[in-house]
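The block underneath contains the structure these notes are about, expressed in structure tokens.
Taken together, the values in this text are just the output of simple stated rules run on the coordinates, not laboratory data. Please read all numbers here as calculations on a predicted model, not as lab measurements. With ideal geometry, Cβ positions are generated from the backbone for all residues, glycine too; neighbour counts draw on all protein chains shown.
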Amino acid sequence: FSVGGLFSREYVDAPWSFAKLVDLLKHIWVPVLVVGTAGTAGLMRIMRGNLLDILNMQYVQAARARGLRESTVIVKHAVRNALHPLIMLLGMSLPTIISGSLVVSIVLGLPTTGPLYFSALRQQDMFLAGTFLMFLAGMLVLGNFLADILLAVVDPRIRYE
């Protein structure tokens, strides 16, 4: 068991194989868990607030009055409309996920760009730091684009011609 990195010592310079993949999966669950759960509480609060607002809307009450099952009302009417702000927020949070993974990669000693960016900031290398910030800006544009596409898939009322 290694303290840092994505592979055990015997697999660091070894060619890719099934055993190396299994070793990678043994090591990668901690960074994935940390990065994946970092903003989950905030997203859950936003989704809950949106869902509570939508459950009081007239069309949801009309669906209940028509005799639809509660699960159908929640899934087909409420959750679909409550997902809109959440999808847009997830698209905008792509750079945050990447910058959060920088901290995780530095702490866990992962071979990513995190330590390189941190050393560029410490040494005041403005070109490397600026390049990384431009990369994060590109990720913001890409995240918003993917969120727009996902929003068009989720909501049939939004279609691009």
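Some notes on this structure:
- In the range 115-140, the residue that is farthest from the chain's Cα centre (by Cα) out of those that are touching a residue at least 40 places away in the same chain (Cβ under 8 Å) and surrounded by 14 or more Cβ atoms within 10 Å (Cβ to Cβ) is LEU136.
- Picking from residues in the range 3-29 that are surrounded by 13 or more Cβ atoms within 10 Å (Cβ to Cβ) and charged (D, E, K, R), the one that is farthest from LEU90 (Cα to Cα) is LYS20.
- Top-ranked residue of the range 46-102 - restricted to ones that are in a loop (DSSP other than H, G, I, E, B) and small (Gly, Ala, Ser), ranked as surrounded by the fewest Cβ atoms within 10 Å (Cβ to Cβ): GLY67
So that you can scan it fast, the table gives a plain yes or no per residue for (1) in contact (Cβ under 8 Å) with a residue 12 or more places away in the chain; (2) farther than 30 Å from LEU108 by Cβ:
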position	(1), (2)
HIS27	yes, no
VAL34	yes, no
GLY39	yes, no
LEU43	yes, no
ILE46	yes, no
LEU55	yes, yes
GLN61	no, yes
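- Residue satisfying condition, being over 19 Å from PRO156 (Cα atoms) and touching a Gly at 6+ places or on another chain (Cβ under 9 Å), within set LEU55, LEU90: LEU90
- Options ALA152, ALA137; residue that is part of a helix (DSSP H, G or I) and in contact with a Phe, Trp or Tyr (Cβ under 9 Å, 6 or more places away or on another chain): ALA152
- Scanning the range 30-45 for residues that are part of a helix (DSSP H, G or I) and surrounded by 11 or more Cβ atoms within 10 Å (Cβ to Cβ) yields VAL30, PRO31, VAL32, LEU33, VAL34, VAL35, GLY36, GLY42, LEU43, MET44.
- Restricting the first member to the range 100-114 and to residues that are in contact (Cβ under 8 Å) with a residue 24 or more places away in the chain and more than 17 Å from HIS27 (Cα to Cα), and the second to residues that are aliphatic (A, V, I, L, M) and in a helix (DSSP H, G or I), the beta-carbon pairs closer than 6 Å and six or more apart or on different chains are GLY100/VAL35.
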